[in-house]
Amino acid sequence: MKNLSLFFCTSGTKALGKVVLLVCQFLLLSSVLHAAALRPFAPRGTALLADPTVLSYTLVNADTDQDIQLLTDGAVLDLSALPTRNLNIRANTDPAQVGSVVFDLSGAQTQSITESVAPYALFSDFQGDYFNWTPAAGSYTLTATPYSEAGGAGVAGIPLTLSFSVLDPPANVVSFTLVNADTDTDIQPLTSGTTLNLTTLPTRNLNIRANVNSSPIGSVVFALSGAQTQNLTENSAPYALFSDAGGNYNPWTPIVGSYSLTATPYRGANATSDVGGALTISFSVIDPTGSVASFTLVNADTDQDIQPLTAGAVLNLATLPTRNLNIRANTSPATVGSVAFVLSGQQSSSITESVVPYAMFGDFQGDYNAWTPTVGTYSITATPFPAANGVGAAGTALTISFTVFDQTGPLPVKLTSFTIRTQPTGIEVSWTTASEERNREFVLERSLDGKIFRDIVTVAGHGTTSTTNHYRYLDTQVPTGSADLFYYRLRQIDIDGSTHLSPVRTVSLVASNSRLQVYPTVVTTGVLHVALSSEQAAGGQLELLTAQGRHLPYQSAGTPTDGTILTRDLPAGTYILRYTCAEGVFHSRFIVP
């Protein structure tokens, strides 16, 4: 019509006159009005709008309503690499607000929807809160067409079509974590080659969690082999080898040994559908028994240490900072499962402590209970165990003897040495005083058990003197067959009849009878002297054992008839020297304090 009107306007002659001119003007106006009718109505005073356009697409995180990335033609979306599987797609238009956008999705899944309010989302939204869509793996084609009016009405603008694909690879088990089943908190990553020391872990109640690189997955299948076995399928997170109830992990206390663990993920529940990447590791569990290294005397009033408590110690209640005492066992390592105490002598007691500090008379979170000892001689033994309440294989125990007296003022005798050693004809007891005051006599006492002492000889003292005096007695009446360890002490008696007790010394009777001689029996210098008779020394084997019978290496010097063994590297405890020869097997005990 527009071309026709222009033809007449340019081809008319003057003869047509005014009539032809009016016809041309009418046709031009009709053409303009027809074109205007095809455009949306523009308010008075505004320019006519260009065709609306879909410019691009944006992939949206439907959990956070935040943009993930632009979605372009040919894009490949890997669900395992995205921050979420809950997605949506927004069409971005020019202008930013149009009447509506009509979506058409085809491929592995289909969706047709018209959005009349921004943001224009393929799976819709509520005031900018995007609804989620988890796409199935496959190929897709998406077209979004803008319209000038709501509901897909009015003039269609310029659409945008693109193709993309979605990958959903099965999940992989990427790591394992060792879990504290008491607190449901992580202890450490569990990697191949790890050695778990039950003694140093914060608990023996454990579990193992498999960690995957994407979620959700349908199930994880566990297979544990080795010292213990376990086969389990977990259908919900957390995926735990010994299962859980809503994140409350079930406990597992592993036994010592080697293990192999495999965890395999599946897309479906109960090990169905696609299988993912499995992870296999090997690890081992150890449970060293530990040892009691020493004892400490504790002030139960202040909970502070007073002094180390060593073999042969003499405690004067009158000079200690308090009479309210306790005794702590110090272990190696510092934390063990439990420590069992046995105290004998003037008083007796037994207790098992499962929480540090390990105290002979107990404590409450480090607040030591008080014990006021009766004057006399005591023997204390502390034995470590790998589990609470004395459960498991016993570690290396420590036994010491000590004496308690209550003397105000200076001691009447300054005792500088008191030694016991075996001789071919008996047990030699010798002692030395640096000074004596009103000293009437010494009574040498012997005991078979460290509790009940009997007098064996009385030796006259030197009254009051500041010179050094040496005393010696050979005990030839040692009872045979009743014990292999004997205890000696001195009872010093003043002129006025008051008495004072010396530290206790021990000696092995087996050494005397067998003529396997070791001295001193309490080794404080780091060197143990060993002597064998010449008849026994030929062709025999000398062995060093713990009190539990475990063989230990040792360094020796000298000859079998007159040699030494270095003890400075031995932990505190009781040890046995065993000599095997044609005449028999001979034993002797000694103590490293």
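Before moving on, here are some points about what is shown:
- Unmet criterion (only one of (1) without any contact (Cβ under 8 Å) to a residue 60 or more places away in the chain; (2) within 34 Å of the chain's Cα centre (by Cα)) for Arg323: (2)
- Restricting segment 167-182 to residues that are of a type in the set (S, T, N, Q) and modelled with pLDDT of 95 or more, the residue that is farthest from Gln109 (Cα to Cα) is Asn180.
- Among residues of segment 333-349 that are closer than 19 Å to Phe405 by Cβ, those with a Cβ under 6 angstrom from a residue that is assigned to a loop (DSSP other than H, G, I, E, B), sequence gap 6+ or separate chain, pair up as Ser344/Lys451; Gly345/Lys451; Gln346/Thr374; Gln347/Thr374.
- Options Ala210, Ala223, Ala237; residue that is of a type in the set (Gly, Ala, Ser), assigned to a loop (DSSP other than H, G, I, E, B), touching a residue at least 12 places away in the same chain (Cβ under 8 Å) and buried (at least 16 other Cβ atoms within 10 Å of the Cβ): Ala237
- A search for C-beta distances below 7 Å between a residue of segment 462-481 that is among the hydrophobic types (A, V, I, L, M, F, W, C) and any residue that is surrounded by 10 or more Cβ atoms within 10 Å (Cβ to Cβ) and part of a loop (DSSP other than H, G, I, E, B), counting only pairs 6+ apart in sequence or on different chains, returns Leu474/Thr425.
- Condition check for Val155: assigned to a strand (DSSP E or B) and either surrounded by fewer than 19 Cβ atoms within 10 Å (Cβ to Cβ) or out of contact with any Leu (no Cβ under 7 Å at 6 or more places or on another chain) (or both): yes
- Within the option set Thr381, Thr374, Thr403, being surrounded by 21 or more Cβ atoms within 10 Å (Cβ to Cβ) and not charged (D, E, K, R) holds for one residue only, Thr403.
- Taking segment 240-269 as the range and being under 16 Å from Val173 (Cα atoms) and free of Cβ contacts under 8 Å to residues at least 60 places away in the same chain as the test, the residues that pass are Leu241, Ser260, Thr262, Gly268, Ala269.
- Sole exception among (1) over 46 Å from the mean Cα position of the chain (by Cα); (2) within 28 Å of Asn213 (Cβ to Cβ); (3) touching a residue at least 60 places away in the same chain (Cβ under 8 Å); (4) surrounded by 16 or more Cβ atoms within 10 Å (Cβ to Cβ) for Gly107, by number: (3)
- Counted residues, segment 252-266 - those being at pLDDT below 95, surrounded by 13 or more Cβ atoms within 10 Å (Cβ to Cβ) and either under 18 Å from the mean Cα position of the chain (by Cα) or outside any strand (DSSP E or B) (or both): 3
- A single entry from Thr93, Thr64, Thr110 fulfils the requirement of being in contact with a strand residue (DSSP E or B) (Cβ under 8 Å, 6 or more places away or on another chain) and of a type in the set (Val, Ile, Thr): Thr93.
- Selection count where residues are modelled with pLDDT under 80, closer than 30 Å to Ser417 by Cβ and crowded, with 16+ Cβ neighbours inside 10 Å, scope segment 537-563: 3
- Qualifying residues in segment 90-104 (those that are among the β-branched types (Val, Ile, Thr) and more than 22 Å from Ile68 (Cβ to Cβ)) - the one surrounded by the most Cβ atoms within 10 Å (Cβ to Cβ): Val98
- Search result, residues across segment 57-81 that are surrounded by fewer than 16 Cβ atoms within 10 Å (Cβ to Cβ) and aliphatic (A, V, I, L, M): Leu70, Val76, Ala81
- Residue in segment 295-306 that is of a type in the set (Phe, Trp, Tyr) and either in a loop (DSSP other than H, G, I, E, B) or farther than 30 Å from Gln228 by Cβ (or both) present: yes
- Hits in segment 330-372 - residues which are within 26 Å of Leu320 (Cα to Cα) and among the aliphatic types (A, V, I, L, M): Val342, Leu343, Ile351, Val356, Ala359, Met360, Ala370
- Matching residues in segment 129-152 - criterion: being assigned to a loop (DSSP other than H, G, I, E, B) and among the β-branched types (Val, Ile, Thr): Thr134
- Close pairs from segment 378-394: first within 18 Å of Leu343 (Cα to Cα), partner assigned to a helix (DSSP H, G or I), Cβ under 9 Å, at least 6 apart: Thr383/Gly390
The values are calculated or read from the model by the stated rules, or taken from the named source; none is laboratory data. As the structure is a computational prediction, the values presented were derived from the model and not from experiment. Every residue, glycine among them, receives a Cβ derived from its backbone with ideal geometry; neighbour counts consider all protein chains shown.
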